[in-house]
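Structure first, commentary second.
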There are 2 protein chains.
Amino acid sequence: MTESRYFVVTDHPKGVPDEALFELRTDSLPELASGQLKLKNLWLSVDPYMRNRMDGVKTYIDPFELNAPMEGAAIGEVVESSDERFKAGDKVRHMAGWRDHAVVDANHVEPLPSYDVPLQAYLGVLGMPGMTAWTGLNTIAGLTGEDTVLVSAASGAVGSLAVQLAVQKGCTVVGTAGSKEKCQWLESLGVHAVNHHQSAEDIAADIKRAAPQGIDVYFENVGGPMLDAALASMNDFGRIAVCGMISRYNDGEQPGPANIAMMLTKRLRVQGFIVLEHWEGYSDFIKEVGPLVQKGAIEYQESVFEGLEATPKAFLSLFESGAHNGKRLVKLAP
Amino acid sequence: MTESRYFVVTDHPKGVPDEALFELRTDSLPELASGQLKLKNLWLSVDPYMRNRMDGVKTYIDPFELNAPMEGAAIGEVVESSDERFKAGDKVRHMAGWRDHAVVDANHVEPLPSYDVPLQAYLGVLGMPGMTAWTGLNTIAGLTGEDTVLVSAASGAVGSLAVQLAVQKGCTVVGTAGSKEKCQWLESLGVHAVNHHQSAEDIAADIKRAAPQGIDVYFENVGGPMLDAALASMNDFGRIAVCGMISRYNDGEQPGPANIAMMLTKRLRVQGFIVLEHWEGYSDFIKEVGPLVQKGAIEYQESVFEGLEATPKAFLSLFESGAHNGKRLVKLAP
């Protein structure tokens with residue numbers, strides 16, 4: 001009988017969660033029913049959207065149930081299969097993360113594409129964050145090579161693919177980040193880097209220096225003063241893909257952009273999206289981006305935390321500035 | 001030689017303009033060049049968007065030039081024509097308002113449609129305000145009969161047509177207004193009326209009582225706490241047509257909606273629009289709405305001010321609550 005060690009949240013946090021919110025528990029896994037798989041996880045993903053699931057409120061996704069195994073993207077290896085499509089040793093992507101072993105329905109599991117890339121790339125640049133960047137630019141904002149593009153949190157797991165896809169399309173690209181090192185990395189990718197830890201006015205002034213022609217497409221990851229600065233920088237008929245507002249996730253009430261009337265005066269189109277609702281585009285995405293990653297034409301950063309116990313720390317690092325970069329991953333013992 | 005009496009603005013106002021900002025001047029009109037018309041105005045329109053033109057800043061439209069004749073929609077009668085398409089006595093709609101006589105290029109003039117309606121209807125319910133309501137609902141928000149619709153400033157020139165068009169389409173419609181009398185009128189039109197002079201929380205609670213199923217399409221005329229309340233009331237995948245934010249026009253900086261992250265969590269699509277950029281739809285609009293107005297199936301309210309001198313007062317009444325209703329018009333001596 002296999003045991004599963006898994007994390008639960010024990011309460012609904014206010015503000016930035018404390019590590020004590022997360023508890024590691026152990027349960028025995030059930031025997032496989034027909035059509036199920038027993039998985040041993042190799043890599044776990046932690047992502048900003050998970051913060052919203054801790055509020056106990058249904059938004060676009062069910063909240064985490066208190067004291068029940070948490071969920072999240074993971075790469076696992078099949079150790080036992082009662083479904084003819086999978087056999088022991090297969091590597092799959094699935095949502096039973098935040099734990100070491102799981103029994104899952106085979107219909108809820110994706111076989112991994114066969115590019116010659118590290119396994120964990122399918123949780124990052126070729127997984128949900130990468131697909132999010134691609135969907136926001138293409139499906140939501142209708143990006144063309146003529147556009148000048150602004151991406152906030154551009155050194156992050158989503159942003160860094162967004163800026164590189166836009167650069168590859170021939171766009172002028174401005175990316176914002178919170179440290180000198182991150183900005184230097186962005187510059188090395190052909191991006192005009194702007195520090196977003198400034199007042200809205202100063203961010204906007206830096207954007208204007210980087211792209212005096214103004215911004216046609218804004219990929220929004222941040223919210224707060226960054227959104228004020230972006231609205232001020234938009235050209236008429238600009239499009240804003242709202243992917244995240246990480247600056248707001250841990251705050252209760254804070255004012256929205258004082259210049260929101262620019263949505264009208266500039267005739268902007270602003271659209272929020274959740275990548276899971278656009279997953280039918282994944283095969284187009286992977287055909288375009290998989291080969292680029294395989295041949296090293298796309299750079300991506302990872303911060304790898306070791307061992308299941310480190311999962312809460314990996315997650316909380318998403319809300320700290322500076323210490324960690326890029327896609328946060330947890331590597332489980334092989 | 002005909003004289004023209006016209007209004008100018010003498011400065012860029014801060015906040016709500018003072019009547020002293022407007023000066024009435026007189027000049028001789030030039031002789032007609034080929035392709036021009038001399039017009040005697042019968043009706044002038046004053047509209048909220050004109051406030052933006054007083055700031056001296058180019059937005060979607062050029063600012064009013066200080067000390068030059070102001071502009072605005074008007075109905076005029078041709079008194080002299082050097083263009084074969086028009087003859088003396090023709091009634092036309094044009095943009096040389098805020099004055100009694102004008103010389104205009106015949107290419108900038110529209111003949112009036114031939115419905116049996118009062119002339120001034122072509123400045124209101126069958127003019128720019130009506131076309132704005134129709135465009136916001138249909139072209140921008142993609143209204144269907146299944147939608148639950150919220151319209152702010154619903155007793156106004158734009159809003160009152162928006163709610164009636166949505167009711168005629170079979171939608172459940174919630175409309176907000178600032179007084180008991182306006183709310184009563186809305187109820188008489190088959191609209192669930194909500195007072196928008198309340199806190200965002202109270203507006204949202206009233207909307208929820210009126211439409212527990214939530215809002216699919218919001219027609220935004222107001223901004224401020226009303227927008228917070230609307231965001232809180234939207235269903236997933238709702239569409240917001242941003243037509244105006246009159247509460248913000250006379251304010252410098254005020255915070256935007258604290259719940260702006262709902263654009264993401266609810267995957268909203270928010271789009272600002274300016275009706276002049278969608279004028280190609282006017283023939284579809286007038287074919288649909290002209291007959292409805294002619295047969296009395298659409299109600300509309302007018303506040304008529306008498307005489308050119310009253311034009312600033314008519315305009316300023318747009319920013320006062322309660323005293324005047326519906327479309328503000330200036331009737332010139334026949």
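The values are calculated or read from the model by the stated rules, or taken from the named source; none is laboratory data. Because the structure is predicted, anything quoted here is derived from the model rather than measured. Reconstructed Cβ throughout: ideal geometry from the backbone, glycine too, with neighbour counts over all protein chains shown. Calculation scope for accessible area: heavy atoms of the full protein, side chains included, ligands and nucleic acids excluded. Shrake-Rupley method; radii C 1.70, N 1.55, O 1.52, S 1.80 Å.
Placing +1 at every Lys and Arg Cβ and -1 at every Asp and Glu Cβ, with all other atoms neutral, what dipole size does the protein assembly as shown have around its Cα centre, in debye to the nearest 20?
Details: 58 positive and 86 negative charges, 60 e Å.
Charge dipole of the protein assembly as shown: 280 debye, to the nearest 20.
Averaging the Cα positions of each part gives two centres, and for the stretch B:105-165 and the stretch A:273-334 these lie 49 Å apart.
Springs between alpha-carbon atoms under 10 Å, Gaussian network over chain B: tell me which of B:Gly170, B:Gly127, B:Gly76 tops the mean-square fluctuations. Its mean-square fluctuation being the largest, the pick is B:Gly170. With both labels modelled 7 Å from their Cα along Cα-to-Cβ, the A:Thr26 to A:Gln301 distance reads 3.8 nm. The spread of Cα positions in chain B, taken along each principal axis and listed from longest to shortest, comes to 64, 42, 33 Å. Spin-label model, B:Gln294 to B:Glu65: label points 7 Å out along the Cα-to-beta-carbon direction sit 4.1 nm apart. Dipole of the protein assembly as shown computed with +1 at Lys/Arg Cβ and -1 at Asp/Glu Cβ about the Cα centre; of B:Thr311, A:Gly142, B:Val242, farthest Cα towards the positive end is A:Gly142.
Counting charges near A:Leu189 (Lys, Arg +1; Asp, Glu -1) among other residues having Cβ under 12 Å from its Cβ returns a value of -1. When you count the other C-beta atoms within 10 angstrom of each residue and take the mean per peptide, A:32-39, B:29-36 line up highest first as A:32-39, B:29-36. The phi torsions of the stretch B:88-99, fed into the Karplus equation with coefficients 6.51, -1.76 and 1.60 and a -60° offset, translate into couplings of 3, x, 5, 9, 9, 10, 7, 10, 8, x, 6, 7 Hz, rounded to whole numbers, with Gly and Pro shown as x.
About the centre of its Cα atoms, the stretch B:218-331 shows a dipole size close to 220 debye [charges on the beta carbon of Lys, Arg (+1) and Asp, Glu (-1) only; nearest 20 debye]. Maximal additional length on extending the A:Glu110-A:Lys287 stretch stands at 62.1 nm, based on 0.36 nm per residue less the C-alpha distance.
The residues neighbouring A:Val125, those whose beta-carbon lies less than 15 Å from its own, together hold a net charge of 0 under the Lys/Arg +1, Asp/Glu -1 convention.
For the stretch A:128-276, rounded, prolate or oblate, judged on the Cα gyration tensor with a ≥ b ≥ c (square roots of eigenvalues), a/c < 1.5 rounded, else prolate if a/b > b/c? Verdict is rounded for the stretch A:128-276. Taking every protein chain into account, the 1.4 Å probe leaves A:Thr144 with about 60 Å² of accessible area, to the nearest ten.
So what's the back-of-envelope 222 nm ellipticity for chain A, counting only DSSP H runs of four-plus at -39500 (n - 2.57) apiece and dividing by all residues, rounded to 500? Before the final figure, lay out the partial values.
Details: 10 runs with 78 residues, N = 334.
So the calculated ellipticity at 222 nm is -6000 deg cm²/dmol.
Ligands, DNA and RNA left out, the 1.4 Å accessible surface of the stretch A:127-168 is 53% carbon and sulfur atoms.
When A:Arg239, A:Arg93 are compared by accessible area at a 1.4 angstrom probe, the order from most to least is A:Arg239, A:Arg93.
Give me the dipole magnitude in Debye, nearest 20, for the stretch B:128-276 about the Cα centre, with unit charges on the beta carbon: positive for Lys and Arg, negative for Asp and Glu.
Values: 10 positive and 13 negative charges, 49 e Å.
It works out to roughly 240 debye.
Give me the summed buried accessible area for the A-B pair, 1.4 Å probe, to the nearest 100 Å². Can you show the working numbers first?
Values: alone 14490 and 14520 Å², together 26480 Å².
The summed interface area works out to 2500 Å².
May I ask for the net charge around B:Glu299, where only other residues with Cβ less than 15 Å from the Cβ of B:Glu299 are counted and Lys, Arg are +1 while Asp, Glu are -1?
Values: positive: B:Lys182, B:Lys295, B:Lys327; negative: B:Glu181, B:Glu187, B:Glu302.
Taking every Cβ under 15 Å from that of B:Glu299, the sum is 0.
Between this copy and the others, label points of A:Leu29 are 8.8 nm apart in ascending order, each placed 7 angstrom from Cα in the Cβ direction.
With all pairs of separate Cα atoms included, the protein assembly as shown yields a Kirkwood hydrodynamic radius of 27.6 Å. Starting from one equal scatterer on each C-alpha and no solvent at all, send me the Debye-based log10 I(q)/I(0) for the stretch A:24-173 at q = 0.19 Å⁻¹, two decimals. Each listed q maps to, in turn, -1.15.
DSSP beta bridges confined to chain B are antiparallel in about 55 percent of cases. With all protein chains kept in place, the per residue accessible area of the protein assembly as shown amounts to 40 square angstrom at a probe of 1.4 angstrom.
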